[in-house]
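Contents: one structure, followed by commentary.
What follows draws every value from the coordinates through simple rules; no lab data is involved. All values derive from a computational prediction rather than experimental measurement. Cβ sites come from the backbone with ideal geometry, for glycine too, and all protein chains shown count toward neighbours.
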Amino acid sequence: MPKTKQYCPICGKDQIGPDQQRCPQCDADLTCFWVLDALPEQSEVVASPLGIRKMKIWGLIGGGVLILLVVSLGWMLYQNHKVARTLADNQNRLEQVNRTMLALVEKIEAEKEVMKKEAFLQKINSQQRASESKDLERRAPEAKPESSQIKPEPSQVKPEPRQVVRQPPLSRQTRIVRPKQEQRPFFWYETTDKDTLWSIADRFYHNGRYYPVLLVMNPQVSLYEIKAGQRLKILKNPKDAVYVFNRSIVRQGSVVFFWYQIQPGDRPQTLSRKFYRAEDQYSIIEKLNPNLRFEPGQRIKIWLPDL
């Protein structure tokens, strides 16, 4: 309750005692006004030292938690970066190991191919030596008779003149005429991107092993480089293909070779690329044909696979 005398805010009467609950003039209830006057003003409210201490403590705790969160986040980012760098290093090492393994495999395959070609050339050389020795034995002169043997005197009888007997001409039924290569009936075929010489021979000659016939009819074609849009000569009659195939191969023991006719512009590198897909395989052709002169029309032996 207020200690000094107050006035009535309703009627304006002053000099009202603090113990009076109602206004003597307008009979208004003054209790609520006494209570409001008894409340301290806002400026008078002063925070206690205990509240300030609690606020400081909570501020320190909040700052510590925030610092801990920042440190934890930085540590997590560092660990993620470290793990990613380790994974990248391991991946690079694996790629390097894979490249090394692939290089070793390619080296081993190349050595195998070289050994295979050397064994093949040794086999060819041995067969050629055997055939040459056989030819020498066949061409060796017979033994001359001894001097003690008496030679017969030549006969004085003159031989009768040889009579020429003319054979009657063959009938049309018994006459066999083999047309030349360029006279055999053929048609033009345009290749696709899925064609190979083997597939074309199997399609038109009913056997893929007859692909050398395509090389005979089309000497400009490479064995492994068939492109879409090329025009090839195809024999219409499969029997002609069989005849050309038998005339274009030569057998030496268990090895089969292909007779190739040198074309204008042929060189060692072009022949090696045409038949063996690489320009450094010319030694195979050179060893099979020691008298190779690269004259157009010369026939040389070529080793072809799958014959």
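Quick notes
- Note on Asn218/Gln122: beta-carbon distance plugged into 1/(1 + (r/R0)^6) with R0 of 35 Å gives a FRET efficiency of 0.60.
- The GluC sites (Glu not before Pro) found in region 208-307 that occupy coil by DSSP, while having at most 15 further C-beta atoms within 10 Å, are Glu225, Glu279.
- Quick note on region 181-303: its Rg to Rh ratio, both from C-alpha atoms and Rh being the Kirkwood radius, is 0.95.
- Loop trypsin sites (Lys or Arg not before Pro), region 235-277 (other Cβ atoms within 10 Å of the site Cβ: 15 or fewer; DSSP): Lys236, Arg277
- In this simple spin-label approximation, Asp14 and Leu104 carry label points 7 Å from Cα along the Cα→Cβ vector, and these lie 11.4 nm apart.
- As a calculated quantity, the FRET efficiency between Ile61 and Ala84 at R0 = 41 Å, using C-beta atoms, amounts to about 0.70.
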